[in-house]
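The values are calculated or read from the model by the stated rules, or taken from the named source; none is laboratory data. Because the structure is predicted, anything quoted here is derived from the model rather than measured. For neighbour counting, all protein chains shown are included, and Cβ atoms are generated from backbone atoms with ideal geometry for every residue, glycine included.
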Amino acid sequence: MATEIDRLILKFQNKDTLAFEKLYRMYADNICGVINVIIKNPERSQELCQDVFVKVWEKSASYTPSKGRFFTWILNIARNMAIDELRSKSHKNQKQNLNTITFVDIVTQSEDLDNTTDTIGVEALLKGLKEKCVLLIDLLYFKGYTQKEAAEEIDVPLGTIKTRLRACISAIRKKFGL
């Protein structure tokens, strides 16, 4: 049985502009906030947010509900575009992003986020992980560091980063029964 959001997404995929507008109103503030967490530039974040929604509109047929939530799909597109922006403008040395806990607060405190959306599970993902894992996930996934850059940032060998990341991913998989 299709939910209201499922029907809305289907209309969106069929290029219904009213569905697009409603989804934009539901998610734009959150997406812009996530982009701003990464690039630390509110004006550019707004511009990138618009670009994200144009890309989502153009690629709407590629969304598959069985592979994950719609919000997660948009969020991944936004995150990738923000990281591309960071790298394209050589902001690597100005990585003054907010920490992971602040990121979770931005997403969970938004009034526009649909109550049925579980804020992509970020809070549940991080809860109970070792501090080293939270730091590594923050650097690699939220701040866009490469493994080599993360190794330099926390002053450990690259091999250690790779080993820790595997251990962190294993802990997450075990935690969620994957």
Q: Restrict the check to segment 76-87 and report whether at least one residue is in the same structural domain as GLN13 (by TED's automatic domain parsing), part of a loop (DSSP other than H, G, I, E, B) and without any contact (Cβ under 8 Å) to a residue 40 or more places away in the chain.
A: no
Q: Among residues belonging to segment 137-178 that are exposed (fewer than 14 other Cβ atoms within 10 Å of the Cβ) and charged (D, E, K, R), point out the one that is modelled with the lowest pLDDT.
A: LYS175
Q) VAL134: modelled with pLDDT of 85 or more, of a type in the set (A, V, I, L, M) and over 22 Å from LEU75 (Cα atoms), yes or no? A) no
